[in-house]
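Each reported figure results from applying straightforward, stated rules to the coordinates on display, with no laboratory input. Treat the numbers as computed from the prediction; the structure is a model and nothing was measured. Glycine also receives a Cβ, built like all others from the backbone with ideal geometry; neighbour counts cover every protein chain displayed.
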Amino acid sequence: NSKVIQTPRYLVKGQGQKAKMRCIPEKGHPVVFWYQQNKNNEFKFLINFQNQEVLQQIDMTEKRFSAECPSNSPCSLEIQSSEAGDSALYLCASSHPGETDYTFGSGTRLLVI
Amino acid sequence: GQQVQQSPASLVLQEGENAELQCNFSTSLNSMQWFYQRPGGSLVSLFYNPSGTKHSGRLTSTTVIKERRSSLHISSSQTTDSGTYLCALETNTGKLTFGDGTVLTVKP
């Protein structure tokens, strides 16, 4: 069983709806990443945090997503207005600074209809 | 161009045969990691191997930095080895760049 917990496992939304997914990183891992894997199995980096601070994010994430990693609460990634092209597997990973051995969660599979 | 290239894209074996998966990268790296992706999507870390050779059961990973390649060897394959194998390299930006994966099918 993964030490990174992602919920929900599956998410179905209509176009224009908000879609929110959560991630509890591995205990002791302050660095959290979100990746999107599309239907062609291509991975896209979305955003990463160290503790509560955003380290890097791509333009799409900045414009259309809302993400946070509050202390003592799960991290979350929310699409403000879902589009069909957002249908994908969203994977959360965590690591410790200086140790780049990432641990991934099981993912949230989003379907936008 | 693509920073990480995996080969082959797919591989079909009979149970008991060996498999050699390759990952070539075009940029300098901080680390190389191999993952197994289950049909349901979850990623299982197989090796964190920035350089040299590592062993884990029937699996062996070898990374040769100066040749910009890493390999994953599976010996005596089993049907339960079927799935997608991904290599990912971490550059100095701190993010992982994934290859397109190798889909392995092991037939009984």
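Here is how the numbers come out for the structure above:
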{"item": "Relative contact order (percent, whole number), chain B, Cα cutoff 8 Å, 6+ residue spacing", "result": "37 percent"}
{"item": "Prolate/oblate/rounded label for the protein assembly as shown (Cα gyration tensor, a/c 1.5)", "result": "prolate"}
{"item": "Set of lysines with alpha-carbon distance to B:K107 below 26 Å, sequence-local pairs under 8 removed", "result": "A:K39"}
{"item": "GNM top mover of A:S73, A:S82, A:S95 - chain A, alpha-carbon springs below 10 Å", "result": "A:S73"}
{"item": "Set of lysines with alpha-carbon distance to A:K20 below 17 Å, sequence-local pairs under 8 removed", "result": "A:K63"}
{"item": "Percentage relative contact order, chain A, counting C-alpha pairs under 8 Å, at least six apart", "result": "39 percent"}
{"item": "The stretch A:1-110 - Rg over Rh from alpha carbon coordinates, Kirkwood radius", "result": "0.94"}
{"item": "Quotient of Cα Rg and 2.2 N^0.38 Å for the stretch B:8-57, N being how many residues it contains", "result": "1.34"}
{"item": "Kirkwood Rh, angstrom, the stretch B:1-88 [1 / mean 1/r, Cα pairs]", "result": "13.3 Å"}
{"item": "Potential lengthening between B:K66 and B:Q78 on full extension [0.36 nm per residue; Cα-Cα distance subtracted]", "result": "1.1 nm"}
{"item": "5 angstrom amide H check on A:I5, placed H, neighbours 5+ away", "result": "A:I24"}
{"item": "Cα gyration tensor shape for the stretch B:40-101, rounded if a/c is under 1.5, else prolate or oblate", "result": "oblate"}
{"item": "Among A:Y102, A:Y35, A:Y90: highest mean-square fluctuation, GNM of chain A, C-alpha pairs under 10 Å", "result": "A:Y102"}
{"item": "Distance between the stretch A:1-71 and the stretch B:2-36 - C-alpha centres, whole angstrom", "result": "26 Å"}
{"item": "Dipole magnitude of chain A about its Cα centre (Cβ charges: Lys, Arg +1; Asp, Glu -1), debye to nearest 20", "result": "460 debye"}
